[in-house]
């Protein structure tokens, strides 16, 4: 009965590969996010969706493409992975924009 | 754009010591303010929040007061425990900046027994 779940929890892959991270929330929230946490724990928003519509798209390389098939899911696809993409990626959701966010457990991506 | 500044860590305390983690912000509009906690290997959990000036958020012995005049939201706890060891993030959400959550850099807290 996890509120925000992401898969996989760990992902190790080679440079140049394409990979996806999946996120699902069962809270009935309208808004979902992707955040990137670097090795120094700094958190930066990447994308925000509200009712499947892209609301925020920060300065992120276009190798990163979010997809929201429905309000409860927000997946992240990454093409041509680079070493600098290694980080922990967090999915989150909130009842609506501006309210507190609920975070998933994170996906630790390591590009070798 | 909006920003959040937290005191640098790590902060190392003995059990039962008093904790303060400073947080100040700059915002275009009138933001909501949050403290999140991240335990090792886990995602972020909301610790407390405040949505308007002079509101005090509190949870699990932690508290923070929204001070508009000093643009601050300092986190305090009267007596820390080893189990409080974690990374603490101050954050804001501002409707004039698309309501995205903007985080501070995080402060590592280590509590020794």
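Mind counting the residues in segment B:1-15 that are assigned to a loop (DSSP other than H, G, I, E, B) and under 12 Å from residue B:84 (Cα atoms)? Don't jump to the end; show me each part of the working.
Filtering segment B:1-15 down to residues assigned to a loop (DSSP other than H, G, I, E, B) leaves B:1-2, B:7-10, B:15.
Retained after the next criterion (residues that are under 12 Å from residue B:84 (Cα atoms)): B:15.
Qualifying residue count for the region: 1.
Take the residues in segment A:26-41 that are assigned to a loop (DSSP other than H, G, I, E, B), farther than 10 Å from residue A:93 by Cβ and in contact with a strand residue (DSSP E or B) (Cβ under 8 Å, 6 or more places away or on another chain); name whichever of them is nearest to the other protein chains (Cβ to nearest Cβ). Result: A:41.
Applying the criterion of being out of contact with any helix residue (DSSP H, G or I) (no Cβ under 9 Å at 6 or more places or on another chain) and part of a loop (DSSP other than H, G, I, E, B) to the residues of segment A:42-68, the residue that is nearest to the other protein chains (Cβ to nearest Cβ) is A:42. Within segment A:28-42, the residues that satisfy the criterion of being touching a residue at least 24 places away in the same chain (Cβ under 8 Å) and surrounded by 13 or more Cβ atoms within 10 Å (Cβ to Cβ) are A:29, A:30, A:31, A:32, A:33, A:34, A:35, A:36, A:37. Within segment A:97-112, the set of residues being crowded, with 17+ Cβ neighbours inside 10 Å and either out of contact with any helix residue (DSSP H, G or I) (no Cβ under 6 Å at 6 or more places or on another chain) or within 12 Å of another protein chain (Cβ to nearest Cβ) (or both) comprises A:97, A:98, A:99, A:100, A:101, A:102, A:103, A:104, A:105, A:106, A:107, A:109. Please verify whether residue A:74 is assigned to a strand (DSSP E or B) and either in contact (Cβ under 8 Å) with a residue 24 or more places away in the chain or within 13 Å of chain B (Cβ to nearest Cβ) (or both), treating the condition exactly as stated. Spelling it out, residue A:74 is indeed assigned to a strand (DSSP E or B) and either in contact (Cβ under 8 Å) with a residue 24 or more places away in the chain or within 13 Å of chain B (Cβ to nearest Cβ) (or both).
Number of residues in segment A:5-17 that are surrounded by fewer than 23 Cβ atoms within 10 Å (Cβ to Cβ) and under 15 Å from the mean Cα position of the chain (by Cα): the value is 6. Considering segment A:57-96, the residues that are over 26 Å from residue A:16 (Cα atoms) and crowded, with 19+ Cβ neighbours inside 10 Å include one that is modelled with the lowest pLDDT, namely A:94.
Residues that are surrounded by fewer than 17 Cβ atoms within 10 Å (Cβ to Cβ), at positive phi and more than 11 Å from chain A (Cβ to nearest Cβ): does segment B:83-94 have at least one?
no
So, residue B:111, is that one more than 12 Å from chain A (Cβ to nearest Cβ), in contact with a strand residue (DSSP E or B) (Cβ under 9 Å, 6 or more places away or on another chain) and assigned to a loop (DSSP other than H, G, I, E, B) or not? Criteria not met by residue B:111.
Among the residues examined, residue B:70 does not qualify as in a strand (DSSP E or B), touching a residue at least 12 places away in the same chain (Cβ under 8 Å), away from chain A (no Cβ under 12 Å) and surrounded by fewer than 14 Cβ atoms within 10 Å (Cβ to Cβ).
Can you find a residue that is under 24 Å from residue B:88 (Cα atoms) and under 14 Å from the mean Cα position of the chain (by Cα) anywhere in segment A:51-58? If you could, list the steps in order and put the result at the bottom.
As a first pass, look at segment A:51-58 and keep what is under 24 Å from residue B:88 (Cα atoms): A:58.
This time we only want the ones that are under 14 Å from the mean Cα position of the chain (by Cα), so: A:58.
There is at least one residue in segment A:51-58 that is under 24 Å from residue B:88 (Cα atoms) and under 14 Å from the mean Cα position of the chain (by Cα).
Is at least one residue of segment B:96-104 out of contact with any strand residue (DSSP E or B) (no Cβ under 9 Å at 6 or more places or on another chain), within 14 Å of chain A (Cβ to nearest Cβ) and either over 16 Å from residue B:31 (Cβ atoms) or not in a loop (DSSP other than H, G, I, E, B) (or both)? Looking for residues that are out of contact with any strand residue (DSSP E or B) (no Cβ under 9 Å at 6 or more places or on another chain), within 14 Å of chain A (Cβ to nearest Cβ) and either over 16 Å from residue B:31 (Cβ atoms) or not in a loop (DSSP other than H, G, I, E, B) (or both), one finds at least one in segment B:96-104, hence yes.
The values are calculated or read from the model by the stated rules, or taken from the named source; none is laboratory data. In this text the structure is predicted, and so the values were computed from the model without any measurement. FYI the Cβ positions are ideal-geometry reconstructions off the backbone, even for glycines, and counts take in every protein chain you see.
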